[in-house]
Amino acid sequence: MKKMRLTRKLFAPALLAAAIAPLALSANAAPGEAGDHAKGPAFHAGQEHRAEQREALFERAGIDAETREALAAAQREHRQAMQELRQEYREQLDEILDDEQRAALDKARQELRAEHRAEAREAIKARVDAVIEGWDLDDETRQSLDELRQSFIDNAQALKEQSFDSRDARRQAWQDLRDEHRAALAELLTEQQIAELEQTMRPPHDGRGHHRGPGHHDDGRSHGGPEPTPPSAE
């Protein structure tokens, strides 16, 4: 019995550390660390939110100030160690790969991403076409949907090539484009149909709340996934 109590006493802090690690790792980063000054307001707002979550967790768990500081110090050490490991790894890659090999790897990576985007676009298009076929739309509406889709693609491509002063400006431009596209759709389809299309165009989930496909950024660009493509009525 004594051995069991001792095991629990040692195991409980480990469980707590594991529980708070995702919050503490990001929230305990020392202010002014390299790279932080270059990150925008959204990044710092996220840090503040995670810090609030961490403090709420500590309060609920009854963690005292001394233990909180010890956890913060451990996280700072972990962060520093990871930075050193990443730097060491980059140096090892430089020793292993020559310029030609690195260029070949970069090219292969870009080709694979392009292939994945194309496959994802085709999968979404097939799902959307199947949904539209079930609506029995007239030819004029179908043609309007095709024209709207092409217009969206052209505008999205122009946005991808455009330079912005900040990530927030880029994100707002993509949001404006999506809003305009949705307003145009509303002139052709019902709200229920639009909602069905939006659901159809979302990447599939694996049942645990995660996307099976690559994630999407808020600025409308994809990260290894399909570009934001509106419905087609082909």
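With θ taken as phi - 60° and the Karplus curve 6.51 cos²θ - 1.76 cosθ + 1.60 applied, the whole-hertz 3J(HN,Hα) list for region 108-114 is 5, 5, 5, 5, 5, 4, 5 Hz, x standing for glycine and proline.
Spatially, region 161-197 and region 90-154 are offset by 18 Å when compared through their Cα centroids.
Using the Cβ-Cβ distance between Ala73 and His49 with R0 set to 25 Å, the FRET efficiency works out to roughly 0.65. Between Ala126 and Gln175, the C-beta separation translates, for a Förster distance of 22 Å, into a calculated FRET efficiency of about 0.25.
Values in this text are rule-based calculations from the coordinates and carry no lab data. Because the structure is a prediction, the values reported are computed rather than measured. Counting neighbours? That spans all protein chains shown, and the Cβs are built from the backbone with ideal geometry, glycine included.
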